[in-house]
Amino acid sequence: VSEPTLYELTMAGSVSLHERSGSSWDMTSIGPAAAVTGLCGRRSGGTMACQGPSGGVVTYPEVDGGTLQSASESSCATRADGALFCWGRNGRNQVGPGAGVVSTPTRISGLPALPLTSVSTRSEYLFFGIGRPPGESGHTCVTVNDGRAYCWGANSRGELGVGGASTPSATPARVATTQRFTAIEVGLFHTCALSDTSEVWCWGANDGRLGTADVSDAHAPVRLPGFPVRVPPTGP
């Protein structure tokens, strides 16, 4: 497999990896950079290549195949058999057990033996201003193909959706709802998911970001008004 040669940052903020294959170039969309692990991308054969801290190229055969999801300081990848691996900054257990930085993909245990339908991770090192110590936030969530959602990591504002705020969780905890979700996305201190009936449900910090017409934190999923959006038919 040829070695990646060029990384390109587009105006939209996404990153592309260009590699030479014989006399031609192949381009792979990488997505946002992962600050701790460097830039990662899937090659056409399913292998994953990351730019190492010293500028070299690192490959992780344990996560060949599957999908890749990178945030600012943490990354997760599924393997071809559906197993989930995460790595990067881990101050709030957003990439599993341990602390500090997890430098190589580590398998996440405690998930159902079912295919994942979506994965979302986020990790942030936060500066609160002069005289205040920096903080850290981060959590990861997935949905599985029976509609259940699981989250782990920071839960200071209820962003795991388990029914209360708590200390970080290093293992996946099921989101406290009977709703079936098809996709999920994590934010800084909150989470939103799309249900199988096209409704949007959110939980966590709510200084207006949940769209629930109040500013109270939600420790379990709450349905956003106005969804699903009904688009009138066009034409005669």
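Kindly rank 103-111, 73-81, 207-215 from highest to lowest mean number of other beta carbons found within 10 Å of each residue.
Per-residue Cβ counts within 10 Å, averaged per peptide and sorted highest first, yield 73-81, 103-111, 207-215.
To the nearest µm²/s, what D does Stokes-Einstein give for segment 175-236 at 37 °C and 0.692 mPa s, using the Kirkwood radius over alpha carbon pairs as Rh? Estimated diffusion coefficient is 264 µm²/s. Of the solvent-accessible surface of segment 93-196, computed with a 1.4 Å probe and all protein chains present, 55% belongs to carbon and sulfur. Using the Cβ of Gly211 as centre and a radius below 14 Å, the other residues enclosed give a net charge of -3, where K and R count +1 and D and E count -1.
The values are calculated or read from the model by the stated rules, or taken from the named source; none is laboratory data. Computed from a predicted structure; not experimentally measured. We place every Cβ from the backbone using ideal geometry, glycine too, and count neighbours over all the protein chains shown. Side chains are part of the model used for accessible areas, which takes the heavy atoms of the whole protein and leaves out ligands, DNA and RNA. Shrake-Rupley method; radii C 1.70, N 1.55, O 1.52, S 1.80 Å.
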